[in-house]
Amino acid sequence: MTADLETDVVVVGGGVTGVAVLRDLALRGVHAILVERFDLGTGTSGRWHGLLHSGARYAVRDQESARECIEENTTLRRIAPHTIEDIGGLFVLLPGDDEAYAGQFVEGCRASGIPTEELSPAAAHRREPLLAPDVKLAFAVPDGGIDSWSLLHSMAADAEARGCQVLVRHPIVGVERSGDRINAIRVHDAVAGQDRTIGCQWVVNAAGAWAGEVGRMAGVPITMIAGKGVMVVMASRYVHGVVNACRKPADGDIIVPQHEVAILGTTSEQVPSPDDISVPPADVDRMVDMCAQMVPAIASGRVLRAFAGSRPLYKPEAPAGGDGGGSGGDTREVSRTFTVLDHASRDGLDNMFSIVGGKLTTCRQMAEAVVDRLAERMGVTEPCRTATEVLPGADHGYHRQAEPLARVERDQAYGELICECELVTRGQVRQAVADGLTELEDLRRKLRLGYGPCQAAFCAWRAAGMLAEGSGEPHDGPAGRESAPRRPEGAGASDPVAGLERFLEERWRGQQSTIWGDQARQALLNHAIYRGIFDLRGDGVPDEAAAALDQPPRTEPGTGDPTRRVGEELVGDSEGRSSSRAEGR
């Protein structure tokens, strides 16, 4: 079979690890093509709390991971400061916490090379005024905040500038194998609606939590554990820096300020599939209640939404006849370190490597480890330079919270705002459209459109109009019209209104477990706008993440309507939490 494309290496997976692998290969002069089933960062890399790990969270029980984190924390600050908010972090000891654990924590940090500073309660409160008044002790560590999409886009841009390719919305559907070698990867072009074949000499499986599925296509077993973590987004930051509970990791033990919000985390539950991103309301309750022990103001705060992601946990011992899929149980005992799998020595497949486990903070280090092994086999002698070559945008220095407002003021762009919550301007949207972006969901990841307290009440329809104008399509584009570039296939793929519904469906999914108080009022306003004014049908058009579960469209009344369902199901006290929450759902 003649391949549609040819390359030296195919990298499977468009999360931070896969993109870091692509950049490492590019810097060594190796041509590679990365394939991703959706957009970049739509898996675990885009569904996490945004913590740049110091490693302190692992210092007691997983010092190998702790050392990896502090090393890469330092490296990322050097090569990608524009993606990082230098906010520091605290581990706080509360009444009832085990004081012996605090001693183990300090010793573990020392052994792992993580700098710590012990703070008195008064000093801790000067640093974080909203901390609980009964904090007994605190330790300062070099945690930070990091924007994964900014990191992804910077790494991808650097790799593409050096000749590599990124193919988003190209899920892998098969492997062409001849004996002990892979000759080609088959992908489905979800924009054109056709299969393509990529001829290659080598394959790197960097699919994260989905690495086992890629392994099965190639005929090699990889046991991954889908460890789902639920996180809750608050409408204010509450804290200046990261706040952690100084105890054995558990639910609701971390608060991470990220841009204009705070993210509370995290649960840890083994589930059958990494595509399970459901959020039980009880998990939202638990996150709020537990984090409010550290910062009491959170208990009465406005919850914007909740979301879940799947940790890419690797289990070295593959059970007979299975891939480790199961459900139930805490996955925190599984190590967060990473492993390079050479399938030649392990499985008799000569030209494939997998990189599994790890964390976003260690993505560059993970890429270096697997590409070092691959380069040796390829005969490539160029050393890794990703720890010293700065990324595009690094000259801006650390990201600062005030930067978006400063940009608007500098450009006098107040009248040009598309998204008032996140200060996204018409010029930014126009530039994104000019760069070929046609999906609102991609615009959200690129510019944070729709992330604020109104959850896209006003910005989504404005941006949808600009996207329609930019694609040259009328707002009510006819069904069956050929898709615009980069727009995924499926129901209404060429219809900007369908794209708007997909966007709102994703926003609604995150709010389903958080509808009470101010957010209930907001949901009713959104209902009035999109259902009342725009007359959206709400036909259950799934966004890409929901569609990944490969379930038939939901047909119960109102399920697909990102606003109507609120009006039908919302009960209880609009001044506080919903009645189901008040009854301890």
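The values are calculated or read from the model by the stated rules, or taken from the named source; none is laboratory data. Here the structure is a predicted model, which is why all the values come from computation and not from measurement. Cβ atoms come from the backbone with ideal geometry, glycine included; neighbour counts cover every protein chain shown. The protein model used for the area step is the full one, side chains on, heavy atoms only, and it has no ligands, DNA or RNA in it. Shrake-Rupley method; radii C 1.70, N 1.55, O 1.52, S 1.80 Å.
Under the Karplus relation 6.51 cos²θ - 1.76 cosθ + 1.60, θ = phi - 60°, what is the ordered set of whole-Hz ³J(HN,Hα) values for region 414-425, x standing for Gly and Pro?
Each residue of region 414-425 in turn: 4, x, 9, 6, 8, 10, 5, 5, 9, 6, 8, 9 Hz.
Tell me which residues come under 5 Å, amide H to amide H, from ASP253 once H is placed; ignore anything under 5 positions away on its chain.
GLY265, THR266
If amide hydrogens are placed 1.01 Å from N in the peptide plane, which non-local residues have theirs closer than 5 Å to the one on VAL11?
Here ILE33, LEU34, VAL35, VAL204 satisfy the definition.
Output the direction-averaged projected area (hull surface divided by four) of the convex hull of the alpha-carbon atoms of region 169-257, in nm².
Averaged projected hull area, Cα only: 9.8 nm².
Express in whole angstrom the spacing between the alpha-carbon centres of region 48-100 and region 236-314.
16 Å
Can you put HIS343, HIS396 in order of accessible area, largest first, using a 1.4 Å probe?
Numbers: HIS343 0, HIS396 140 Å².
Sorted by accessible area, descending: HIS396, HIS343.
Which lysines, if any, have their Cα less than 21 Å from the Cα of LYS359, not counting same-chain residues under 8 positions apart?
Hits, sequence-local ones excluded: LYS228, LYS248, LYS315.
Mind listing the long-range amide H neighbours of ARG311? Cut-off is under 5 Å, sequence gap 5 or more, other chains count too, H placed in the peptide plane at 1.01 Å from N.
Correct list: GLY227, LYS228, GLY229.
Against the 2.2 N^0.38 Å scaling, with N counting residues, where does region 69-122 land? I'd like the Cα-based Rg ratio to two decimal places.
1.40
Calculate the FRET efficiency for LYS248 and ALA387 from the Cβ-Cβ distance with a Förster distance of 25 Å, rounded to the nearest 0.05. Spell out each step's value before the answer.
Details: r = 32 Å, r/R0 = 1.30.
Plugging the Cβ-Cβ distance into 1/(1 + (r/R0)^6) gives 0.15.
For region 129-258, with the dipole built from +1 on Lys and Arg beta-carbon atoms and -1 on Asp and Glu ones, taken about the Cα centre, which of ILE225, VAL135, GLN194 lies farthest toward the positive end?
ILE225
What order do you get for 113-123, 276-286 when each peptide is scored by the mean count of other beta carbon atoms within 10 Å, highest first?
Highest to lowest by the protection proxy: 276-286, 113-123.
Enter the accessible area per residue of region 59-214 (Å², integer; probe 1.4 Å; all protein chains in place).
About 37 Å² of surface per residue is accessible.
What does the extension gain come out to for TYR101 and ASP4, with contour length at 0.36 nm per residue minus their alpha carbon separation?
29.2 nm
Heavy atoms of the protein only, probe of 1.4 Å, neighbouring chains included. What is the accessible area of PHE338 in Å², nearest 10?
Here the accessible area works out near 40 Å².
What is the distance, in nm, between label points placed 7 Å from the Cα along the Cα-to-Cβ direction at SER178 and at GLN201?
It is 1.5 nm.
Quick one: net charge of MET290's neighbours, Cβ under 14 Å, K/R +1, D/E -1?
-3
Which net charge results when you count Lys and Arg as +1 and Asp and Glu as -1 among the other residues whose beta-carbon is under 10 Å from that of ARG196?
Taking every other residue near ARG196 into account, the sum is -2.
Please list 106-112, 181-187 highest first by mean number of surrounding beta-carbon atoms within 10 Å per residue.
The densest-packed peptide leads the list: 181-187, 106-112.
Compute the length gained on full extension between ASP372 and GLU117: take 0.36 nm times their separation in residues and subtract their Cα-Cα distance, giving the result in nm to one decimal.
Extra length available between ASP372 and GLU117 comes to 88.2 nm.
Taking Cα centroids, how far is region 411-446 from region 138-203 in Å?
Centre-to-centre distance over Cα atoms comes out at 25 Å.
Between SER345 and ASP395, 0.36 nm times their residue separation minus their Cα-Cα distance comes to what? Please list the in-between numbers first.
Working: separation 50, 0.36 × 50 = 18.00 nm, distance 4.28 nm.
Taking SER345 through ASP395 to full extension adds about 13.7 nm, to one decimal.
For region 340-387, run through the trypsin sites (Lys or Arg not before Pro) and keep only the ones in DSSP coil with at most 13 other Cβ atoms within 10 Å of their Cβ.
Here the trypsin sites (Lys or Arg not before Pro) that fit, given the DSSP loop and packing criteria, are ARG385.
Just to check I understand the Karplus step: with θ = phi - 60° and J = 6.51 cos²θ - 1.76 cosθ + 1.60, what whole-Hz values come out for region 342-349, glycine and proline as x?
Those phi angles translate into 9, 6, 5, 6, 8, 10, x, 9 Hz.
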